[in-house]
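K.L.:
Quick one: structure below, then a few questions.
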Amino acid sequence: MSKNLTSRAEDYSKWYNELVVKADLAENSAVRGCMVIKPYGYAIWEKMQAELDRMFKETGHQNAYFPLFVPKSLFEAEEKNAEGFAKECAVVTHYRLQNDPDNPGKLRVDPEAKLEEELVVRPTSEAIIWNTYKGWIQSYRDLPILINQWANVVRWEMRTRLFLRTAEFLWQEGHTAHATKAEALAETEQMNNVYAEFAQNFMAIPVIKGVKTESERFAGAIETYCIEALMQDGKALQAGTSHFLGQNFAKAFDVKFTNNEGKLDYVWASSWGVSTRLVGALIMTHSDDKGLVLPPNLAPSQVVIVPIFKTDEQFEAISEKAESIIKELKALGVSCKFDKRTTHRPGAKFAQHELQGVPLRIAIGPKDLENNTVELARRDTLTKQIVQIDGLASTIKDLLEVIQNDLFTKALNFRDDHTTEVDDFETFKKVLETKTGFISAHWDGTAETEQKIKEATKATIRCIPSVNKKEEGTCVYSGKPSMQRVLFAKAY
């Protein structure tokens with residue numbers, strides 16, 4: 001299976017597209033720009049959902065659900081938000097079809113069924129949610145409201161790629177309301193930290209926390225916090241964002257409350273979200289020319305057992321031992337699959353599980369039973385070892401932690417090796433074309449310079465890092481004074 005994959009060195013984009021399909025994660029659908037997420041790909045997303053949902057609830061958030069459709073008048077109430085998403089909106093204009101009198105057996109839109117007001121298919125839910133919050137909030141006693149929604153959204157993309165950019169995608173979006181600016185800012189930063197913790201501890205992806213420049217902010221936000229990751233091809237990927245919305249949406253939807261001094265004030269807000277794009281990030285950070293490499297903390301199955309046998313008696317004996325091992329692994333919280341399919345040879349099973357990135361593979365044959373051993377293979381290093389069955393569950397539990405940490409360390413070393421300080425524009429361009437990765441360079445703080453660099457190199461400012469020492473310098477492009485470096489990169 002993996003032998004048919006294009007190598008990363010030959011064509012990274014083609015490698016990615018092939019891997020998503022051949023590893024049975026997703027495929028293109030009959031709807032242009034939309035994908036079908038297949039069971040194995042969805043299992044990875046479910047693992048992500050479960051961990052994030054737990055983290056959200058531990059920080060006091062509750063789940064709710066809001067309508068898919070947003071009346072156009074509500075959508076356009078916050079002007080910057082509406083303007084930012086206007087070109088990506090799918091719009092419902094009619095509510096009924098009818099038989100086409102000119103084409104028997106075909107349907108047409110009923111011209112008499114035009115909606116009084118068009119409905120926008122949500123590209124994001126601030127408008128419908130803040131219109132709802134208006135009825136929920138009267139007093140400071142009603143605050144804070146800490147709501148998260150798991151949903152789908154539609155952004156009409158013309159150039160799509162499975163998981164990374166599709167017209168419809170799955171995500172979560174948090175929307176919170178607060179009595180003070182300080183509380184809303186604290187919430188915004190807290191959730192960006194939650195995303196960073198998730199990326200590093202579960203996805204094994206090192207990320208840089210920071211804030212976006214004004215031109216890169218979420219439409220309608222006063223400040224956008226983000227986590228930025230670096231993929232193996234040297235391009236950056238925005239892995240999560242958290243937005244301080246100030247009172248913009250409260251003013252747009254007239255959401256006021258009586259504060260503890262008895263005075264009317266507008267509510268302060270935040271919103272934050274991550275999407276199925278994280279599956280793409282996972283693939284591009286760790287995988288190799290043989291297929292997926294999944295961190296154990298997010299693998300649908302952390303261990304797979306493959307029996308090697310010739311007779312029914314051998315299979316029965318191996319199955320009995322395998323079930324015993326699975327029971328011990330489950331007791332330690334390790335997920336395990338016994339691949340007892342008779343339609344595939346062991347070699348084909350090995351190839352499939354390698355392609356699908358199962359962290360550990362156990363092979364058991366008749367001689368292994370005689371010796372009370374198994375062959376244990378690591379997906380990340382492609383190394384094998386013979387291990388005693390006695391104490392195997394504990395050995396595997398420890399080894400999964402080692403694999404998780406090793407994947408993070410490998411990705412961190414790659415990012416560090418591909419982060420370059422640059423002080424002149426010629427070197428800036430050379431690094432982008434040859435070494436790639438993050439470029440740490442001075443910027444004069446103007447949108448004009450930011451745009452000129454983007455036009456000249458296709459690189460954008462990924463973030464102004466949160467942990468960023470102040471140092472005087474000169475802008476890499478304009479030569480004007482600068483007080484700190486920012487991170488540039490080409491990005492997805």
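K.L.:
Compute the distance from the alpha-carbon center of the range 262-338 to that of the range 463-491, in whole Å.
P.N.:
39
K.L.:
Among the listed pairs 470/490; 134/469; 235/290; 57/212; 134/181; 181/458, give every one whose C-alpha distance is greater than 30 Å. Walk me through the numbers before you get to the answer.
P.N.:
Details: 470/490 24 Å; 134/469 42 Å; 235/290 21 Å; 57/212 27 Å; 134/181 18 Å; 181/458 36 Å.
Table pairs above 30 Å Cα-Cα are 134/469; 181/458.
K.L.:
List the lysines whose alpha-carbon lies under 26 Å from that of residue 327, not counting same-chain residues fewer than 8 positions away?
P.N.:
The qualifying lysines are 47, 310, 337, 340, 349, 367, 384, 397.
K.L.:
If the label point is 7 Å along Cα→Cβ of residue 447, which residues in the range 60-103 have backbone nitrogen under 20 Å from it?
P.N.:
77-88
K.L.:
Right, next: Expressed in nm to one decimal, what extension gain is obtained for the pair residue 344 and residue 13 from 0.36 nm per residue of sequence separation less their Cα-Cα distance? Walk me through the numbers before you get to the answer.
P.N.:
On the way: separation 331, 0.36 × 331 = 119.16 nm, distance 3.05 nm.
That works out to 116.1 nm of additional length.
K.L.:
Please give every one of the aspartates and glutamates within straight-line cross-link reach of residue 14, meaning a C-alpha to C-alpha distance under 20 Å, and leave out same-chain neighbours fewer than 8 residues apart.
P.N.:
Cα-Cα hits under 20 Å: 24, 27, 157, 233, 288, 289, 354, 433.
K.L.:
Now, a different point. Given a Förster distance of 41 Å, report the FRET efficiency between residue 21 and residue 93 from their Cβ-Cβ distance, rounded to the nearest 0.05. Intermediate results must be reported in sequence, preceding the final value.
P.N.:
Values: r = 35 Å, r/R0 = 0.85.
It comes to 0.75.
K.L.:
Show which aspartates and glutamates lie in cross-link reach of residue 430 when reach means a straight Cα distance below 13 angstrom and same-chain residues fewer than eight apart are skipped.
P.N.:
421
K.L.:
Now a separate question. Could you please state, rounded to a whole Å, how far the C-alpha centre of the range 87-158 is from the C-alpha centre of the range 366-422?
P.N.:
48
K.L.:
Which whole-Hz ³J(HN,Hα) couplings does the range 12-25 yield from phi under the Karplus relation 6.51 cos²θ - 1.76 cosθ + 1.60, θ = phi - 60°, glycine and proline marked x?
P.N.:
4, 5, 5, 4, 4, 4, 5, 5, 4, 6, 6, 7, 6, 8
K.L.:
Short version: ³J(HN,Hα) in whole Hz for each residue of the range 476-483, in order, from phi by Karplus 6.51 cos²θ - 1.76 cosθ + 1.60 (θ = phi - 60°), x for Gly and Pro, what are they?
P.N.:
4, 9, 8, x, 7, x, 9, 9
K.L.:
Just subtract the alpha-carbon distance of residue 150 and residue 316 from 0.36 nm times their residue separation and send over the number in nm, one decimal. Spell out each step's value before the answer.
P.N.:
Working: separation 166, 0.36 × 166 = 59.76 nm, distance 4.41 nm.
Taking residue 150 through residue 316 to full extension adds about 55.3 nm, to one decimal.
K.L.:
If you roll a 1.4 Å probe over the chain with all protein chains in place, what percent of the accessible area is carbon or sulfur?
P.N.:
Details: 11290 of 23200 Å².
In the chain, the share of accessible area belonging to carbon and sulfur is 49 percent.
K.L.:
Please report the antiparallel percentage of the DSSP beta bridges confined to the range 259-404, to the nearest 5. Kindly include the intermediate steps, with their values, before the conclusion.
P.N.:
Values: 10 of 18 bridges.
Taking every DSSP beta bridge with both residues in the range 259-404, the antiparallel ones total about 55 percent.
The values are calculated or read from the model by the stated rules, or taken from the named source; none is laboratory data. Everything numeric in this text was worked out from a predicted model, so none of it was measured. For neighbour counting, all protein chains shown are included, and Cβ atoms are generated from backbone atoms with ideal geometry for every residue, glycine included. When the accessible area is computed, the model is the full protein with side chains, heavy atoms only, and any ligands, DNA or RNA have been set aside. Shrake-Rupley method; radii C 1.70, N 1.55, O 1.52, S 1.80 Å.
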